1. Given a cut-off of under 8 Å on Cα pairs at least six residues apart, what relative contact order in percent is computed for the chain?
2. Looking at the chain, what % of its DSSP beta bridges pair antiparallel, to the nearest 5?
3. Separation between the A121 and Y146 pseudo-spin-labels, each 7 Å from Cα along Cα→Cβ, expressed in nm?
4. Between L166 and D210, what length comes free when the chain is fully extended (0.36 nm per residue of separation minus the Cα-Cα distance, one decimal in nm)?
5. Could you run the Karplus curve 6.51 cos²θ - 1.76 cosθ + 1.60 with θ = phi - 60° over region 186-203 and give me ³J(HN,Hα) per residue in whole Hz, x for Gly and Pro?
6. Using DSSP to define loop residues, name the trypsin sites (Lys or Arg not before Pro) in region 186-229 whose beta-carbon has at most 16 other beta-carbon atoms within 10 Å.
7. In deg cm²/dmol and to the nearest 500, what is the mean residue ellipticity at 222 nm of the chain if only DSSP H runs of at least 4 residues count, each as -39500 (n - 2.57), divided by the residue total?
8. What number does the chain give for Rg over Rh if you use C-alpha atoms and the Kirkwood radius?
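No value in this document is a laboratory result; all are computed from the given coordinates. Everything numeric in this text was worked out from a predicted model, so none of it was measured. Because the Cβ atoms are built from the backbone with ideal geometry, glycine has one as well, and the counts that use them run over all protein chains shown.
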Amino acid sequence: MLTVALPIGSGTRESMRPLSAAGGFFALKGLVQDSSPRRMTVWLHEERSSVTPYGAADQRTMFTPDRIAIEKLDGTLVAERRAPRDSFSGHQMNTPWDPLHRAYFNGYALWTYLTTPFLLAMNGVRVEEVEPWKEGSEMWRVLRAYFPGSIATHSTAQDFYFGADLILRRHDYSLNIAGGFGGAQLTSEYCEADGIRLPTRRRAYTRGPDRRPILDMLMVSIDISKVNFS
């Protein structure tokens with residue numbers, strides 16, 4: 001389980017939630033999954049996040065788009081990488097990752113997920129509605145977002161699918177730091193905290209040529225509980 005805290009504004013902590021992550025993607029990267037409790041903090045008005053603990057009980061990560069670091073809880077630097085995106089040059093789906101690669105991925109990916117849909121209103125993000133998607137008996141509206149280079153995220157263009165209740169059902173992207181394969185992440189089991197509804201279950205699959213998730217190719221699973229804002 002990971003515990004995630006979402007601050008809003010300049011360092012003001014807003015929510016805390018345990019979270020567990022698994023899936024075949026990490027095995028492809030030569031990474032062993034660890035189910036120890038963690039706390040993740042993300043900021044909504046700037047791209048910044050931190051996971052505690054990371055690698056050791058007295059360590060945490062500190063992520064921004066231009067730097068990823070592992071440090072002791074007292075701030076002592078353990079390792080860092082400037083311009084971390086450059087370190088993924090030439091990577092494919094099965095290219096091994098080191099701890100800083102994983103920390104960078106955790107930092108931007110969870111920041112993206114936990115700030116959706118608020119990040120769509122950030123400066124520099126362009127959004128347009130595209131052709132709706134038929135899912136069984138439902139018709140989902142699709143917003144295509146184009147992210148500026150200043151925001152670290154999966155890919156420049158990403159699709160967000162919303163049901164008739166305007167709740168996010170699915171999130172599509174290309175995982176550019178791992179060869180650019182297409183991903184389709186299904187979101188469900190919503191909870192409510194202080195009037196804000198958030199998905200507690202996320203399942204990311206590879207995406208087939210028909211744009212549908214390949215359900216026997218689960219890449220990442222994320223489960224969240226105990227959502228609260230403070």
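1. Averaging sequence separation for qualifying contacts and normalising by length gives 18 percent for the chain.
2. 95
3. About 2.2 nm separates the two model spin labels.
4. That works out to 13.5 nm of additional length.
5. Values, residue by residue: 8, 10, 7, 6, 6, 10, 10, 9, 6, x, 9, 9, 9, x, 9, 10, 10, 10 Hz.
6. Filter output for region 186-229: R211, K226.
7. -3000 deg cm²/dmol
8. 0.94
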